Each structure stands twice: as structure tokens, then as C-alpha cells.
């Protein structure tokens, strides 16, 4: 069973330029995607107005949860669970404000538990999730936690049904909690977006590890789902939406860029990769943006102003100037409705007009990806 973390760079109201040396004495841990963190929750990094910063860091193959109470100058480990012969350790996290946090622990058998805290990591409680009839040959390769508020959350598990033939198929399991993570119930797999999506042979595709599906919710009932790069053949990207908390889903197609979408991504071969939905609160409602990598150097940003019913291209940018072998939607993060960044080791591409124009900012050094420094806007 393969397990590798997806490490992504955060760009939030307090996290703007990556891999820039500023002379701070305390390095920050590796961080991942954060969603408009001053206003909402985050998967791996959250900055709050009270100076609290959470981080989920991978150390020796297992995750640890860290917390800083002084804008990231000093850190302490508040939860750790070492990987072992029976456990992969902590594999996913979600943070909501300065006090609430959750982290998922996965056993090598596929069993999953969720830790939760409501006092800034001083005390943690653990709940075990029950899996209802997964495929017998399904290794779980990716987990995601997401909370719309302190009470309502979801855990997504993505894996592959290895089957007996040369092709594999995608399998997704989704749990929901309505009491802050004390208890969890699995939603029927038949109610989720189509299962058994055909994938290339496992040796040639790592979609559930590097470009898996993603979920996002803005209320206990309204949410969205994207497929990442999971698929084979011609790409036809969709964003799925639910209005009943994840029990039923309706697809909406994304507007195609000039030249079309091409093929699905196969282990960074320059295909299509649909990133996570980002929810941006505005004065008139919620704007949703989804980044889509197309080919080796183009990023298309899709935007919906009607809660995901219809989508239009807000902007496109060529990222060949960044020192990446293949640009992926992982590097995109919105700061607010107008300011978005594509942050990568060695540079950052920024728009301040919601994708109409873009500016490249070079950093003075290119680092290996094991630390970053944040600058206040």
C-alpha cells in the first residue's frame, strides 16, 4: 500500500510569498493549501487574527500537528502519532479558528480514526470511523477532512480497486459528522459522484496520491466535489455540487479553454488536473474558484458566481517562467475575491484583478521545499 503526502504551498491573507529568506530565527514547518484562511478553515495551514497559526507537518513519514500563538515565531507540537507496522500515523488535518482542529489517523488495515480538539490542542478526543462494505482490494491512498463550521464536517477517503485486470478503478468513501467529530456516519457510496472511474494501470498513474478528488462545503448542506486528475483518455472536467450535505450530487461542466482540455493527467505527463474548490466570501455571497492545470505550463482559473451551477473562465496564465517541471493546480491559492497567487519554489505569479492580468515575482532563492517564511500583506 502506497502512502505519500501532497505537499502544497499556502497563500493566504497572511501567507503571500514562499521560500523567501527574511532573517527569522524560527523556521516554519512544511505547509499545505489554505483557503482564505483569515475567514475560513484550512487543510494544512491556518492563520487567524489572534496570532494563532496551525500547521500539519510530515515528519519521518507521519504527520504531526503544530500550533503557534505568536504569528509563527515559535511552534509547539500539539498532536503526534508515529507511523508503525499497523498504522500510517496522522494523514490529514483541518483547522477552524484558533481553538478547533481535527486530524485523521489511518491504520494499514484501512480503518480510520479522527482526533478532535476544541481548546487549541491542549486536549484531544478520538473517534473511530466504521467502513461499510468497501471493495476488498481497495487500498486507501488519500484522506481529506473538511469542516463547514465547528459541528459539521466530512472525511473523504480515496483509493483504487485493484481488481483482477490490467486497469484499476477509483473508489471514494465519504463520512459526515454533525457533532464536531464525536460520531461519524458513512454516506452510501451509491449516492456519491460516479464510482469505478477507470484509471490507467497502477504503475503508470498515481492519481489518488498526487492529484486526488477534493471536497469543500460552505454550509452543512451545500458543498462541491472535484475529481483532480483521476481519469483516463479525453478530459471533460466537471464540478459536482450537493444541496443535502453530500447525499446527492449534480455535475456542472467547466468552460473549456481555447484548444480544449486535452487528456487527463497521467503521473505529471502534462495532462488536465482539476484542483480543489476555493470558497471566497464576498459582500454579495460566495464566489467559488477552481484552478485547472492544462498541459505543462497553462493554468486556467474557473469561477462560479451562482454557487457552482455555471462556470466561466476568469483567467489563464502561462507558468513556464516558474522553475517547475510541470505546473499543477496545487500551487494556486486565492487571498480574496480579486487577489490570487500561483506560488512555487523560486517565484510567485500574482493577479490583483481576478485573473485579468498577472505579474511574476521572483524570490531571491530557490529552496528545496522543506520550509517557508510568511510575509504579512
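The values are calculated or read from the model by the stated rules, or taken from the named source; none is laboratory data. Model, not experiment: these values are computed from the prediction. Positions of Cβ are backbone-derived with ideal geometry, glycine not excepted, and every protein chain shown enters the neighbour counts.
General observations
- The set of residues in segment 206-227 that are in a loop (DSSP other than H, G, I, E, B) and farther than 12 Å from residue 142 by Cα comprises 218, 219, 220, 221, 222, 227.
- Residues that are buried (at least 19 other Cβ atoms within 10 Å of the Cβ) and either at positive phi or not in a loop (DSSP other than H, G, I, E, B) (or both), drawn from segment 246-289: 246, 264, 272, 273, 274, 278, 279, 280, 287, 288, 289
- If the condition is being within 16 Å of the chain's Cα centre (by Cα) and modelled with pLDDT of 90 or more, then segment 226-239 contributes 226, 239.
- Of the strands (runs of 3 or more DSSP E) that lie entirely inside segment 41-101, those containing 1 or more residues that are surrounded by fewer than 18 Cβ atoms within 10 Å (Cβ to Cβ) and either modelled with pLDDT of 90 or more or under 21 Å from the mean Cα position of the chain (by Cα) (or both) span 53-59, 76-80.
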